[in-house]
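*Asks:* For reference, the structure I am asking about is given below.
The values are calculated or read from the model by the stated rules, or taken from the named source; none is laboratory data. This one's a predicted model, so the numbers in the text were calculated from it and none came from an experiment. Every residue, glycine as well, gets a Cβ built from its backbone with ideal geometry; the counts of neighbours run over all protein chains shown. SASA here: full protein model, heavy atoms, side chains in, ligands and nucleic acids out. Shrake-Rupley method; radii C 1.70, N 1.55, O 1.52, S 1.80 Å.
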Amino acid sequence: TISWHASRSSKALVQIFDRDMYLVRELMSAGTGNPGMSDISWDGRDLDGNIVPDEAYFFTIEANEYGGGLTHYDPATFSGGESFDFPMEFDRREGMVAYELPKDSRILTRAGITHGPLLKTIVNWAPRPAGVNQDPWDGKDTSGILSVAEQKGFIMMSDAVTLPENSILTIGNNEYAYSEYKNKLVLDRPVKEKRPRIVPEKRQPYSQFPRYVREVDELRFYLELPQELEKNEPGLPIVSGKLPIRIYLDKKVKRSATERRYEIICYVDFKFITEHEEGYSPSTWMLNTKKIPNGEHILTVNIATLKGQMASASYKVFVQN
């Protein structure tokens, strides 16, 4: 239920928008339009009757006075967009990352190695409410082969941007995620009307909200070693000489990542080896294993777009030259 107070007689239109600023639903107040409190209910469905996916939504109110005047409540013009980081605690036994937020926010949490690679994106710019939150994490890297929290130099990183005030965070839709919903269910819809940002003269922060919400789709890729490699008793590929490591972007993100441009950063045992500043898919990292001591090693690749998206993949190999 959305409630508001009008100082004069007026008829109100409530519009609900998604994270990309597209219209989700329009609701017209059914009251008499007299001054005072009014309210309206939203059932969580969009213009086509679909239940919206789990995400953050926000609304505007347009009030038309009977005398012809028009006024707006648009929280995106005066709230949200404040960037900050926050401390986190990882409970290995419970498999939970705990943290507290001062406001409803969209957050990014990651784990990696100090001065080394990113190993896991735990939460990728997902909305979370103010207060104490917990997110599940098994402590492993993206590839599921490393216990990240047990590695020397383990570090957790956070970033957040506040949501517009009175944002609506929906939960409980297990049928489809936001990306599936937008790609399959949604027809063309109007974009939110642009209005100027209203902030005090002494405090003119650039609203990060529009920029961040367009970068929330997760970047994904995978590594491929030569298929003919033999394996040792623990099941690790035995490698020698020059090892070609193929790097493939997931088909669903290949076009968007290529348009944004990205670089490929390569590590052995969490130490930087090389980078390709102009990434393309597929790419090949030609690793000279003769420069590496014989034994078990961890190969890690990070992909980073110019707009801050990052992804990681790792492989354990056994060098035998």
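*Asks:* Tell me, please, whether a residue that is among the aliphatic types (A, V, I, L, M), open to solvent by less than 10 Å² (accessible area, probe 1.4 Å), in contact with a strand residue (DSSP E or B) (Cβ under 7 Å, 6 or more places away or on another chain) and under 18 Å from residue 218 (Cβ atoms) can be found in the stretch 133-147.
*Replies:* Here is the first cut: in the stretch 133-147, the ones among the aliphatic types (A, V, I, L, M) are 145-146.
Subset that is open to solvent by less than 10 Å² (accessible area, probe 1.4 Å): 146.
Filter again for in contact with a strand residue (DSSP E or B) (Cβ under 7 Å, 6 or more places away or on another chain), leaving 146.
Checking which are under 18 Å from residue 218 (Cβ atoms) leaves us with none.
For the stretch 133-147, residues among the aliphatic types (A, V, I, L, M), open to solvent by less than 10 Å² (accessible area, probe 1.4 Å), in contact with a strand residue (DSSP E or B) (Cβ under 7 Å, 6 or more places away or on another chain) and under 18 Å from residue 218 (Cβ atoms): absent.
*Asks:* Can you work out which of the residues in the stretch 283-309 that are part of a strand (DSSP E or B) and in contact with a helix residue (DSSP H, G or I) (Cβ under 9 Å, 6 or more places away or on another chain) is surrounded by the fewest Cβ atoms within 10 Å (Cβ to Cβ)?
*Replies:* The first filter runs over the stretch 283-309 and keeps only residues part of a strand (DSSP E or B), leaving 283-288, 295-305.
Subset that is in contact with a helix residue (DSSP H, G or I) (Cβ under 9 Å, 6 or more places away or on another chain): 297, 303, 305.
Numbers: 297: 18, 303: 25, 305: 20.
The qualifying residue surrounded by the fewest Cβ atoms within 10 Å (Cβ to Cβ) is 297.
*Asks:* Out of the stretch 181-232, which residues are among the charged types (D, E, K, R), modelled with pLDDT of 85 or more and either exposed (fewer than 15 other Cβ atoms within 10 Å of the Cβ) or farther than 30 Å from residue 313 by Cβ (or both)?
*Replies:* 189, 192, 193, 194, 195, 224, 228, 230, 231, listed by residue number.
*Asks:* So which of 270, 318 ends up being modelled with pLDDT of 95 or more, touching a Ser or Thr at 6+ places or on another chain (Cβ under 8 Å) and open to solvent by 10 Å² or more (accessible area, probe 1.4 Å)?
*Replies:* Numbers: 318 fails: touching a Ser or Thr at 6+ places or on another chain (Cβ under 8 Å).
It is 270.
*Asks:* Would the stretch 271-279 turn up any residue that is closer than 25 Å to residue 110 by Cα and without any contact (Cβ under 8 Å) to a residue 12 or more places away in the chain?
*Replies:* yes
*Asks:* Kindly list the number of the only condition in (1) more than 28 Å from residue 125 (Cβ to Cβ); (2) in contact (Cβ under 8 Å) with a residue 24 or more places away in the chain; (3) open to solvent by 70 Å² or more (accessible area, probe 1.4 Å) that fails for residue 244.
*Replies:* Just one mismatch for residue 244, condition (3).
*Asks:* Still on this structure: Have a look at 313, 257 and point out the one that is of a type outside the set (Asp, Glu), closer than 24 Å to residue 114 by Cβ and either outside any strand (DSSP E or B) or within 27 Å of the chain's Cα centre (by Cα) (or both). Quick ask: steps written out before the conclusion?
*Replies:* Values: 257 fails: closer than 24 Å to residue 114 by Cβ.
The match here is 313.
*Asks:* Right, here's the next one. Among the numbered criteria (1) hydroxyl-bearing (Ser, Thr, Tyr); (2) farther than 22 Å from residue 140 by Cβ; (3) open to solvent by 50 Å² or more (accessible area, probe 1.4 Å); (4) assigned to a strand (DSSP E or B), which single criterion is violated by residue 280?
*Replies:* For residue 280, the exception is condition (4).
*Asks:* Considering only residues of the stretch 30-42 that are within 34 Å of the chain's Cα centre (by Cα) and not charged (D, E, K, R), which is modelled with the highest pLDDT? So that I can check it myself, show each step before the final result.
*Replies:* Keep residues of the stretch 30-42 that are within 34 Å of the chain's Cα centre (by Cα), which gives 39-42.
So of that shortlist, the ones also not charged (D, E, K, R) come out as 40-42.
Working: 40: 90, 41: 92, 42: 95.
Per the stated criteria, the residue is 42.
*Asks:* Among (1) buried (at least 20 other Cβ atoms within 10 Å of the Cβ); (2) not in a loop (DSSP other than H, G, I, E, B), where does residue 80 come up short?
*Replies:* Among (1) buried (at least 20 other Cβ atoms within 10 Å of the Cβ); (2) not in a loop (DSSP other than H, G, I, E, B), the lone unmet condition for residue 80 is (2).
*Asks:* To continue, here is another question. Check every one of the strands (runs of 3 or more DSSP E) wholly within the stretch 4-70 and list those with 1 or more residues that are exposed (fewer than 11 other Cβ atoms within 10 Å of the Cβ).
*Replies:* On the way: elements: 10-17, 23-28, 36-40, 56-65.
Once the strands (runs of 3 or more DSSP E) in the stretch 4-70 are filtered for at least 1 residues that are exposed (fewer than 11 other Cβ atoms within 10 Å of the Cβ), what remains is 23-28, 36-40.
*Asks:* Right, something else. Conditions first: (1) closer than 20 Å to residue 176 by Cβ; (2) of a type in the set (A, V, I, L, M, F, W, C); (3) without any contact (Cβ under 8 Å) to a residue 24 or more places away in the chain. Residue 28 passes all but one, so which condition is the exception?
*Replies:* Going through the list (1) closer than 20 Å to residue 176 by Cβ; (2) of a type in the set (A, V, I, L, M, F, W, C); (3) without any contact (Cβ under 8 Å) to a residue 24 or more places away in the chain, residue 28 breaks only (1).
*Asks:* Additional query: Looking at the stretch 89-113, which of the residues that are in a loop (DSSP other than H, G, I, E, B) and touching a residue at least 12 places away in the same chain (Cβ under 8 Å) is surrounded by the most Cβ atoms within 10 Å (Cβ to Cβ)?
*Replies:* The initial filter retains those residues of the stretch 89-113 that are in a loop (DSSP other than H, G, I, E, B), namely 92-95, 102-104.
Next, from what is left, pick out any that are touching a residue at least 12 places away in the same chain (Cβ under 8 Å): 92, 95, 102-104.
Values: 92: 12, 95: 13, 102: 12, 103: 18, 104: 21.
The residue in question is 104.
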